[in-house]
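Take a look at the structure set out below.
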Amino acid sequence: MKQNTSPLSPEEKKLFGDLMPEELNEVLRSGLQRRHFLKLMGLASAGLLVSHMVGAEQLFARSVEFDEIPDLIPAAIENGINVSFKVNSNNKKVLIDSRMTLLDTLRERIGLTGSKKGCDHGQCGACTVIVDGNRVLSCLTLAASCEGKSIITIEGLAKDNELNPMQQAFLKHDGFQCGFCTPGQICSAVALMKEAREGQASFVTSNIREQAGAVMLSDEEIAERMSGNICRCGAYPNIVAAIKEAQTGKNIEQNWLFAG
Amino acid sequence: MIPFKFSIAKNPSEALGLIHPHAAFLAGGTNILDLMKEHVAQPTEIIDLGRLPLNTIKPTATGISLGALAKNTETANHQLIRKDYPMLSKAILAGASAQIRNMASNGGNLLQRTRCSYFYEINMPCNKRVPGSGCAAMKGFNRMHAIFGWSDQCVAVYPSDMAIALSALNANVTVMQQNGGERSIPFIDFHLLPKDHPEKDNSLKHGELITSIELPKNNFAGHSAYIKVRDRHSYAFALVSVAAGFELQGSTIKTAHIAMGGVAHKPWRALKAEAFLKDKAATLANFTKAANLEMSAAKPLAHNKFKIEMGKQTLIHAFEVALKG
Ligand SMILES: Cc1cc2nc3c(=O)[nH]c(=O)nc-3n(C[C@H](O)[C@H](O)[C@H](O)COP(=O)(O)OP(=O)(O)OC[C@H]3O[C@@H](n4cnc5c(N)ncnc54)[C@H](O)[C@@H]3O)c2cc1C
Ligand code: SF4
Ligand code: FES
Ligand code: FES
């Protein structure tokens with residue numbers, strides 16, 4: 001596994017010191033590893049992270065990727081296919097079984113486990129990724145059909161240590177609880193911004209015959225256009241607030257408050 | 001999924017050269033892949049159509065031509081479709097989710113298979129999946145099933161929203177055959193009622209390739225509607241849906257084009273209501289009579305009687321929305 005060895009910022013050091021003191025030295029010594037990240041996410045889902053996030057958001061931007069996945073053995077596969085595509089701006093060439101979906105290829109062959117398998121049947125949106133600019137379901141896409149295409153996953157949204165504005169808005173508005181649907185929600189919402197800029201219509205668009213320019217999305221429009229992403233934790237109000245903030249760039253009041 | 005060979009076709013003749021009885025075409029994959037995962041479809045070869053140059057939407061002398069491989073999203077948002085065929089934009093946007101519409105092709109949409117849950121469950125009898133094995137839905141849970149045109153062999157409904165609008169719009173499906181010939185199928189003849197052969201959803205022969213869907217010009221763009229009623233607000237298949245378009249002269253209906261979804265094994269053209277409304281005043285009283293007349297022929301199953309009243313109300317509502325424009 002690749003370690004993320006960029007040094008911790010003072011805010012990040014404080015965050016680890018407060019929340020995971022027993023791991024702090026290890027993180028300082030050998031860099032941020034996947035299991036540290038997972039523990040941190042566990043704390044996030046318990047609501048412990050929110051108060052520590054200020055200044056440390058970029059932790060979430062760090063991509064932790066496996067790079068030691070053994071290749072498939074060509075002779076052992078009945079219908080092996082070599083497929084080349086771009087994932088998060090990196091060229092990838094992988095040998096796959098023709099039956100492999102893009103989702104399984106990303107997760108099992110490339111080690112990008114951010115995209116989630118919720119239903120594997122197109123019914124939940126947890127596997128949403130962006131292919132050639134459009135949001136699609138990676139569980140219903142054969143990897144073999146992606147030759148030459150460009151794929152963006154949740155791991156590719158941040159630029160260096162800078163989170164994508166949609167990721168920042170989801171953090172600010174607590175647009176998740178368990179987090180399982182979140183990578184799909186965020187990829188979906190990022191592509192939605194492009195659709196709104198292009199003036200794409202939805203089923204609740206009232207003036208469908210008029211050629212709309214860029215659309216500013218109402219709560220109703222956001223709900224309809226995000227209906228392909230199910231959240232079993234029901235974080236919908238916060239997701240809508242996050243998307244609104246990301247689209248308008250204006251400060252939207254949080255739906256939650258600290259007790260006390 | 002069972003193992004399959006993966007081939008890519010670069011043009012229609014290559015696709016038709018590759019197809020064989022155990023092979024299947026792949027467009028957006030949103031239906032065929034799902035069925036393959038469940039072992040309902042078991043092709044030994046997949047022929048990817050994704051690169052065929054059949055993805056344009058262009059005006060023609062008689063109307064507009066929709067490429068079979070053009071995506072649902074692109075079709076619904078095309079400037080000419082939004083303006084001249086808004087019923088079609090609405091119907092497409094009523095279906096599935098943004099992600100699925102970005103993947104789904106126009107040709108694949110027409111050929112999507114029923115969502116009858118017994119069809120999907122390979123351990124249950126189903127005449128559509130295994131001819132002669134029986135129909136589990138007939139005496140099973142059939143709330144989602146047909147109220148028109150079913151047979152004792154199959155009571156499934158056809159799930160596409162897009163196709164309901166295409167039916168009301170009198171579309172034609174252009175098909176290329178393996179010998180290179182071409183044929184054009186009027187929409188009303190494209191999908192079939194189950195009768196004794198529910199394994200056949202439509203009149204396409206295996207190995208034929210849909211190249212385009214042709215829409216004739218119409219005079220009801222300003223007075224049309226697509227209304228869909230479902231169990232949740234979005235991202236669910238229709239219980240009942242209605243596509244309606246009126247050509248009006250003052251407040252008189254010159255012609256009505258009406259099709260219903262969620263009620264039959266094919267888009268259900270509401271011919272009785274259309275005939276009744278012809279040359280009638282566009283009033284609530286006439287709308288109600290037309291809806292009652294159409295629904296009077298319905299034959300519900302054990303769990304879907306509610307679709308009769310729902311059908312009536314949805315028809316009337318669609319007529320009112322179409323009238324307002
Ligand atoms: C969760 C979910 C919800 C959905 N909800 C809705 C809904 O509410 N309303 C609705 O209308 N639809 C809905 N859909 C269905 C969706 O619209 C269809 O799956 C889609 O339109 C199929 O198009 P495709 O290009 O992906 O087809 P594919 O899956 O690629 O192909 C379908 C079939 O068509 C054949 N085929 C494809 N193109 C051609 C061609 N050019 N010539 C000959 N044969 C061809 C294939 O061999 C295959 O048998 C839903 C789907 C899912 C997964
Ligand atoms: S209704 Fe049709 S598809 Fe459903 S179980 Fe009966 S035969 Fe099969
Ligand atoms: S995992 Fe793809 S939609 Fe659920
Ligand atoms: S945050 Fe748990 S499913 Fe959405």
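Structure notes:
- The condition of being under 30 Å from B:Ala221 (Cα atoms) and either buried (at least 17 other Cβ atoms within 10 Å of the Cβ) or at pLDDT 95 or above (or both) holds for A:Thr205.
- With a requirement of 1 or more residues that are within 13 Å of another protein chain (Cβ to nearest Cβ), the helices (runs of 4 or more DSSP H) lying completely within the range B:1-83 that satisfy it span B:32-37, B:72-77.
- Pairs with Cβ under 8 Å, 6+ apart, first in the range A:167-184 and within 14 Å of chain B (Cβ to nearest Cβ), second within 16 Å of ligand 1 (Cβ to nearest atom) and not in a loop (DSSP other than H, G, I, E, B): A:Pro183/A:Thr128; A:Gly184/A:Thr128
- Residue that is surrounded by fewer than 18 Cβ atoms within 10 Å (Cβ to Cβ), more than 16 Å from ligand 3 (Cβ to nearest atom) and within 14 Å of chain A (Cβ to nearest Cβ), where the choices are B:Glu199, B:Glu121, B:Glu182: B:Glu121
- Extreme residue, nearest to B:Met103 (Cα to Cα), among residues of the range A:120-133 that are within 12 Å of ligand 4 (Cβ to nearest atom) and over 11 Å from the mean Cα position of the chain (by Cα): A:Gly125
- Restricting the range A:130-164 to residues that are hydroxyl-bearing (Ser, Thr, Tyr) and within 16 Å of ligand 1 (Cβ to nearest atom) leaves a set whose member that is nearest to A:Lys194 (Cα to Cα) is A:Ser138.
- Candidates are the residues of the range B:235-286 that are in a strand (DSSP E or B) and out of contact with any helix residue (DSSP H, G or I) (no Cβ under 9 Å at 6 or more places or on another chain); the one that is surrounded by the fewest Cβ atoms within 10 Å (Cβ to Cβ) is B:Gln249.
- Candidates A:Cys124, A:Cys119: the one that is within 10 Å of ligand 3 (Cβ to nearest atom) and surrounded by fewer than 20 Cβ atoms within 10 Å (Cβ to Cβ) is A:Cys119.
- Residue list for the range A:121-148, restricted to those being within 7 Å of another protein chain (Cβ to nearest Cβ), free of Cβ contacts under 8 Å to residues at least 24 places away in the same chain and either on the phi > 0 side of the Ramachandran plot or part of a helix (DSSP H, G or I) (or both): A:Gly122, A:Ser145
Let's see how each residue does on (1) on the phi > 0 side of the Ramachandran plot; (2) of a type outside the set (Val, Ile, Thr); (3) within 14 Å of another protein chain (Cβ to nearest Cβ):
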| residue | (1), (2), (3) |
| --- | --- |
| B:His223 | no, yes, yes |
| B:Ala238 | no, yes, yes |
| B:Ala243 | no, yes, yes |
| B:Gly250 | yes, yes, no |
| B:Ala259 | no, yes, no |
| B:Gly262 | yes, yes, no |
| B:Asp279 | yes, yes, no |
| B:Phe287 | no, yes, no |
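- Check on A:Ile151, closer than 25 Å to A:Val131 by Cβ, within 16 Å of ligand 3 (Cβ to nearest atom) and within 14 Å of chain B (Cβ to nearest Cβ): yes
The values are calculated or read from the model by the stated rules, or taken from the named source; none is laboratory data. The shown structure was predicted, so the numbers you read here are calculated from the model rather than taken from an experiment. Every residue, glycine as well, gets a Cβ built from its backbone with ideal geometry; the counts of neighbours run over all protein chains shown.
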